[in-house]
Amino acid sequence: IPKVQRAVVTPVVGERLNLQITDNAPVVYPTEEGEVLVRIAWTGICRSDACFSIGPEPGFPSHNHIAGHEGIGRIVRSRDEQWIGKAVATRYMGSTCGECLYCVKGLIESCRAQTSLPKHYNGTFQEYMVAPLKALVMLPDWIFTTPDISPARYTAALCSGSTALNGVRAADPRPGDIVVVIGVCGAIGHLTGMIAKAVFGARVIGVEFPGKKDCFDAVAAEKIYDVFVPVVAGSGEADWEQYLQDLRDACHLLRGSGSEGADAVISTASSVAGFCNLPDLVRDGGSIVCLGYRQLKIQGSLMAGSDSAMRVMEWIRDGTIEPQIREVGLEDVLGCLQGSLDFRNSGKTVVRVAS
Ligand SMILES: [Zn+2]
Ligand SMILES: [Zn+2]
């Protein structure tokens, strides 16, 4: 294990992204009981990593912060030697108290005593990461050994995939139902479309910026949505009428008749506009799911427990869904996170961390 490593570091956390790639970040060793050292092989890029890298948010480190929370790797140092070599993953959630009102009700995301990456521990945009064992998800070894499937693909399940699954579960579509997915070309959005179609048998209307329409090839696009509708073009009333008409036309096309709205809408948007006027999009009795906005009374949905991540990994393994992965190097994280703030990223971007 080297003394220094490649990492993406924010030397001083401020109002703007200030990420720097370095080959000389110190490798930190576990000091506390129960901590282990993980060699990160792959890590997903999540828009929240950009948010974690600016601020600083209360409680987050303000100097030498390392973001990244969707990592897959192997334990290389542990006082308890039985863990060495084990395949593990990290997700945003590190640990919860297990005793509070929220934990007892299964709403672990709301536990006030939770620890998380990359808040309490430096994250996965580095080659060697210290983490408490209880903050890691133990993975079966097939994550690294399935023939023809790169472990990069499985990282899509950790945060984006389980969030997508939780959202589709909340929408609860029957086979043949029409689900509108807003932000359908994003990391969470494209997996939401795939799971709605391949697992729940729904038909999907994908809503996205028109410039992203061609970000997936035709074979992949067919597995993500049935009909593509561009996002509302402007903030005027005529723009909104046109958008609603486009959606009604898409529903009519899929049902073969009628002018009713969709059976469900799942917004995976990362802008406020993507959550506006959602009731207009669904028929009476339809469901509205806003991913990432748990405080809404309508229907909140967040990333599920690690069992959901494992479920999605199994679907990836057996080919039920095929995440659209763009593999980049650690040095590309800077541009990718800026890209996520500028709404330029499509599919799931995964960073090759191990050299
Ligand atoms: Zn994430
Ligand atoms: Zn708790």
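The values are calculated or read from the model by the stated rules, or taken from the named source; none is laboratory data. In this text the structure is predicted, and so the values were computed from the model without any measurement. Positions of Cβ are backbone-derived with ideal geometry, glycine not excepted, and every protein chain shown enters the neighbour counts. Keep in mind that these areas ignore ligands, DNA and RNA; they rest on the heavy atoms of the full protein, side chains included. Shrake-Rupley method; radii C 1.70, N 1.55, O 1.52, S 1.80 Å.
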I'm trying to understand the selection: among the residues of segment 291-348, which are assigned to a loop (DSSP other than H, G, I, E, B), at pLDDT below 90 and either closer than 26 Å to residue 128 by Cβ or in contact with a Phe, Trp or Tyr (Cβ under 6 Å, 6 or more places away or on another chain) (or both)? 303
For segment 129-159, give me the residue count where each residue is within 16 Å of ligand 2 (Cβ to nearest atom) and open to solvent by 20 Å² or more (accessible area, probe 1.4 Å). 1
Condition first: under 29 Å from residue 348 (Cβ atoms), open to solvent by less than 10 Å² (accessible area, probe 1.4 Å) and assigned by TED's automatic domain parsing to the domain that holds residue 337. Can you find one or more residues in segment 76-84 that meet it? no
Within segment 92-105, take every residue that is modelled with pLDDT under 85 and open to solvent by less than 50 Å² (accessible area, probe 1.4 Å) and give me the one that is farthest from residue 47 (Cα to Cα). 95
Pairs where the first residue, in segment 175-203, is of a type in the set (S, T, N, Q) and the second is open to solvent by less than 10 Å² (accessible area, probe 1.4 Å), C-beta under 8 Å, 6+ apart: 192/164; 192/167; 192/168; 192/181; 192/184; 192/266
Do we find a residue being part of a helix (DSSP H, G or I) and not charged (D, E, K, R) anywhere in segment 174-185? no
Since residue 258 meets every condition but one in (1) touching an Asp or Glu at 6+ places or on another chain (Cβ under 8 Å); (2) at pLDDT below 95; (3) open to solvent by 40 Å² or more (accessible area, probe 1.4 Å), which condition does it not meet? (1)
List every residue pair whose Cβ atoms sit under 9 Å apart, with the two residues 6 or more apart in sequence or on different chains, where the first one lies in segment 61-78 and is assigned to a loop (DSSP other than H, G, I, E, B) and the second, anywhere, is aromatic (Phe, Trp, Tyr) and surrounded by 24 or more Cβ atoms within 10 Å (Cβ to Cβ). 66/125; 67/52; 67/125; 68/52; 68/125; 69/52
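So in segment 206-247, with the set limited to residues that are under 22 Å from residue 315 (Cβ atoms) and in contact (Cβ under 8 Å) with a residue 24 or more places away in the chain, which one is surrounded by the fewest Cβ atoms within 10 Å (Cβ to Cβ)? Quick ask: steps written out before the conclusion?
We begin by selecting, within segment 206-247, every residue under 22 Å from residue 315 (Cβ atoms); these are 206, 215-226.
Filter once more, keeping what is in contact (Cβ under 8 Å) with a residue 24 or more places away in the chain: 206, 215-216, 220, 223-226.
Values: 206: 27, 215: 18, 216: 20, 220: 15, 223: 17, 224: 27, 225: 28, 226: 18.
If we take residues in segment 206-247 being under 22 Å from residue 315 (Cβ atoms) and in contact (Cβ under 8 Å) with a residue 24 or more places away in the chain, then 220 is surrounded by the fewest Cβ atoms within 10 Å (Cβ to Cβ).
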Restricting to segment 104-129, and then to whatever is assigned to a helix (DSSP H, G or I) and of a type in the set (A, V, I, L, M, F, W, C), can you tell me which residue is farthest from ligand 1 (Cβ to nearest atom)? 104
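Any residue at all in segment 174-183 that is crowded, with 24+ Cβ neighbours inside 10 Å and on the phi > 0 side of the Ramachandran plot? Outline the logic, then answer.
Quick first cut of segment 174-183, residues crowded, with 24+ Cβ neighbours inside 10 Å only: 178-183.
Narrowing the set further to residues that are on the phi > 0 side of the Ramachandran plot leaves 183.
Scanning segment 174-183, I find at least one residue that is crowded, with 24+ Cβ neighbours inside 10 Å and on the phi > 0 side of the Ramachandran plot, so the answer is yes.
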Taking segment 95-128 and the residues there that are of a type in the set (S, T, N, Q) and without any contact (Cβ under 8 Å) to a residue 24 or more places away in the chain, the one that is farthest from ligand 2 (Cβ to nearest atom) would be 115
